[in-house]
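The values are calculated or read from the model by the stated rules, or taken from the named source; none is laboratory data. Every value quoted in this text rests on a predicted model; they were computed, and no experiment measured them. Methodologically, a virtual Cβ is constructed for each residue, glycine included, from the backbone with ideal geometry; neighbour enumeration extends over all protein chains shown. Side chains included, ligands, DNA and RNA excluded: accessible areas come from the protein's heavy atoms. Shrake-Rupley method; radii C 1.70, N 1.55, O 1.52, S 1.80 Å.
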Amino acid sequence: MIPYGRQHITDDDIQAVEKILRSDFLTQGPAVPAFEAELCKATGSQYASAVNSATSALHIACLALRLGRGGMLWTAPNTFVASANVALLCGAQVDFVDIDPATRNMSVDALKQKLETSERRPDILMPVHFAGRSCEMAEIADLAKIYGFKIIEDASHAVGGSYRGSPIGRCVYSDIAVFSFHPVKIVTTGEGGAALTNDPELDDRLKVLRTHGVTRDPRLMETTNAAPWEYDQLELGLNYRMADIAAALGTSQMSRLESYVARRKELAGRYNSAFEASGFGDQLGLPPLDDLEIHQSAWHLYTVEVPARVNKRRLFEALREAGVGVNVHYQPVHLQPYYRRLNFSEGDFPNAEEYYRRALTLPLHPQVTEEEQDKVVNLLLEQL
Ligand SMILES: *Cc1c(COP(=O)(O)O)cnc(C)c1O
């Protein structure tokens with residue numbers, strides 16, 4: 001099977017992890033701060049907090065921005081369920097903003113309209129950079145100034161991408177940005193995530209929240225003249241820490257971030273060219289390629305939209321049988337049984353629903369060979 005996404009592990013990665021296994025600290029040692037420094041270097045962000053998943057990072061990002069009971073978060077329906085779930089885990093409510101069919105990202109027009117007409121506006125907006133291509137953050141940040149909401153970027157797909165000349169994760173247009181290091185994403189720590197910010201107070205809160213709400217930092221402790229063994233619990237936190245084993249893998253992987261993204265971009269361009277040359281380019285909704293001025297995607301996913309006349313399920317099964325690990329991103333979150341019980345229904349976000357009916361994710365990761373890619377293209381075209 002040619003999987004839709006897969007980690008790439010080198011001997012250097014294995015040595016980096018082995019070194020930790022032979023060291024004094026499997027967790028809470030020096031490897032996590034080193035990985036965080038690497039994330040800051042790669043993005044230009046001031047602070048990074050590595051945690052055990054992007055879901056955890058999104059959760060403490062909401063908590064750090066004091067989302068709670070009575071609060072409201074808006075995100076896009078074309079995302080993984082975690083983007084919305086974290087708001088509910090804080091006791092807040094969730095609503096969605098429909099996507100722009102051209103980019104599959106949150107539509108700025110839909111956002112504007114919803115802000116103008118809603119009685120309950122969001123405390124936090126969570127744009128999701130689908131497939132690694134940034135949302136229109138400058139326009140979104142302008143709206144945040146007018147309406148006074150905070151912004152958490154769900155950049156789970158997007159480490160290595162850039163927007164208007166700045167690396168995604170630099171938080172030029174947001175309060176916090178979150179990456180995922182799950183093995184199908186761009187770089188991996190096994191399981192893992194990070195929350196980046198330029199705000200020192202937010203960073204303090206993120207770091208306290210990821211470790212039970214507890215701190216030994218004299219700057220933050222309420223106990224004065226603390227004994228050397230004392231720690232203060234300041235907030236209700238969780239254990240969302242990343243282990244040093246994972247962080248060492250992450251640091252080693254980050255050294256190849258640029259080459260990974262470059263290869264993904266090359267393969268995505270090659271897919272688009274092949275489909276356009278086949279004459280089926282217009283029938284297959286192809287993803288927008290990078291435009292150098294504004295958008296440089298990290299190319300986490302390569303997703304086409306199959307024509308309405310094609311039975312997607314049959315196509316999916318035929319490709320899987322032929323050894324092509326196609327997938328679908330995403331089932332609209334608001335149509336999950338859990339969200340339907342919160343009163344969302346079919347027709348609420350028609351662009352995300354229509355996109356989902358036709359969306360098909362093709363294999364895209366640095367180890368896909370050109371022969372494999374040609375096979376994927378030909379098998380797909382045969383089924384049209
Ligand atoms: C993968 C992903 C997550 C969750 O990431 P984990 O690290 O698996 O918790 C959240 N949001 C989006 C958009 C994702 O793709």
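Can you tell me which residue within segment 285-303, out of those that are at pLDDT below 95 and in a loop (DSSP other than H, G, I, E, B), is most open to solvent (accessible area, probe 1.4 Å)?
The selected residue is Glu293.
One residue is enough: does segment 337-358 have a residue meeting the conditions touching a strand residue (DSSP E or B) at 6+ places or on another chain (Cβ under 9 Å), within 16 Å of the ligand (Cβ to nearest atom) and closer than 27 Å to Met254 by Cβ?
No, segment 337-358 contains no residue that is touching a strand residue (DSSP E or B) at 6+ places or on another chain (Cβ under 9 Å), within 16 Å of the ligand (Cβ to nearest atom) and closer than 27 Å to Met254 by Cβ.
If the requirement is being among the β-branched types (Val, Ile, Thr), farther than 16 Å from Ser45 by Cα and open to solvent by 10 Å² or more (accessible area, probe 1.4 Å), which of these qualifies: Val97, Val81? Working first, answer last.
Numbers: Val97 fails: open to solvent by 10 Å² or more (accessible area, probe 1.4 Å).
Result of the check over Val97, Val81: Val81.
So, in segment 132-142, how many residues would count as being open to solvent by 10 Å² or more (accessible area, probe 1.4 Å) and part of a helix (DSSP H, G or I)? Show your work before the answer.
Of segment 132-142, the ones open to solvent by 10 Å² or more (accessible area, probe 1.4 Å) are 133, 136, 138-139, 141-142.
Checking the rest, the ones that are also part of a helix (DSSP H, G or I) come to 138-139, 141-142.
Residues flagged as open to solvent by 10 Å² or more (accessible area, probe 1.4 Å) and part of a helix (DSSP H, G or I) within segment 132-142 amount to 4.
Based on what the data block shows, is Ala158 outside any loop (DSSP other than H, G, I, E, B) and open to solvent by less than 30 Å² (accessible area, probe 1.4 Å)? Full working, then the answer.
Values: outside any loop (DSSP other than H, G, I, E, B): no; open to solvent by less than 30 Å² (accessible area, probe 1.4 Å): yes.
Judged against the criteria, Ala158 is not a match.
Would you be able to tell me the number of residues in segment 359-371 that are open to solvent by 60 Å² or more (accessible area, probe 1.4 Å) and in contact (Cβ under 8 Å) with a residue 40 or more places away in the chain?
Step one: of segment 359-371, the residues open to solvent by 60 Å² or more (accessible area, probe 1.4 Å) are 367, 370-371.
Now restrict to residues that are in contact (Cβ under 8 Å) with a residue 40 or more places away in the chain: 367, 370.
Total meeting the criteria: 2.
Determine if segment 174-182 includes at least one residue that is in a loop (DSSP other than H, G, I, E, B) and within 14 Å of the ligand (Cβ to nearest atom).
Restricting attention to segment 174-182, the residues satisfying the condition of being in a loop (DSSP other than H, G, I, E, B) are 174-175, 181-182.
Of the ones still in play, those that are also within 14 Å of the ligand (Cβ to nearest atom) are 181-182.
Yes, segment 174-182 contains at least one residue that is in a loop (DSSP other than H, G, I, E, B) and within 14 Å of the ligand (Cβ to nearest atom).
Here's the yes/no breakdown for (1) within 29 Å of Val306 (Cα to Cα); (2) at pLDDT 95 or above; (3) surrounded by fewer than 21 Cβ atoms within 10 Å (Cβ to Cβ); (4) hydroxyl-bearing (Ser, Thr, Tyr):
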| residue | (1), (2), (3), (4) |
| --- | --- |
| His59 | no, yes, no, no |
| Gly91 | no, yes, yes, no |
| Asp109 | yes, yes, yes, no |
| Lys114 | no, yes, yes, no |
| Thr117 | no, yes, yes, yes |
| Leu125 | no, yes, no, no |
| Ile151 | no, yes, no, no |
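Could you list, in sequence order, all residues of segment 303-319 that are farther than 16 Å from Phe275 by Cβ, under 29 Å from the mean Cα position of the chain (by Cα) and touching a residue at least 12 places away in the same chain (Cβ under 8 Å)? Break it down into steps so the answer makes sense when it comes.
So the first thing to find is which residues in segment 303-319 are farther than 16 Å from Phe275 by Cβ, and the list is 308-309, 311-314, 316-318.
This time we only want the ones that are under 29 Å from the mean Cα position of the chain (by Cα), so: 308, 312-313, 316-317.
Ala308, Lys312, Phe316, listed by residue number.
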